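Comments concern the structure below.
What follows draws every value from the coordinates through simple rules; no lab data is involved. A quick note: this is a predicted structure, and the numbers were derived from the prediction, not measured. No Cβ is skipped: glycine too gets one built from the backbone with ideal geometry, and neighbour counts run over all protein chains shown.
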Amino acid sequence: MLGFVTITDTAGSADRLLAETARALAAQGLRLAGAIQKNIDRGPDQVCDMELRILGDDGPEIGITQDLGNCSEGCRLDTDALAQAVGRAEAALAQGVDLVIVNKFGKQESFGGGFRDFIAHALAQDVPVLLSVPTEQLDDFRAFAGDMAEEIVPSDLIPWCLARVQSPA
């Protein structure tokens, strides 16, 4: 019950696809937990800012990037903000949900952090999980997921989710 999609064509397209999927599933009455990423354009020659919207939580979006200056080449991820996002997603999961959606299994998850434990916790509760996996993290994701992971083509995301939820709200 671990579905993933890998999109390689356009920056942010996996984020938009998962956001659209979450909206459609919520409109059908499914209770969701997890996080959806939104990239904020800061203008020409500027890197975007990233925010996470926590599914199943009415709180504000969480900015997960640090401003390191235009010439910086370091990692801009704010790991404290990411940990806050994971905590809020865990609280939503604890309320009982039909499905978990996580924006991606990225570098942090590959290293054992980020949403990795949250994903495992949801799966241990028999809650289906949908996420995206960048091609750079596919090997680490497969090592984490083993034979539980099922690759899904974008057009099948909603049917895949609906087929796996046990009792929608």
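Across segment 91-103, computed HN-Hα scalar couplings (Karplus, 6.51 cos²θ - 1.76 cosθ + 1.60, θ = phi - 60°) run 5, 5, 4, 5, 7, x, 9, 8, 7, 10, 10, 10, 4 Hz from first to last residue, x flagging Gly and Pro.
Taking label points 7 Å from Cα along the Cα-to-Cβ direction, Met148 and Gln28 give a separation of 2.3 nm.
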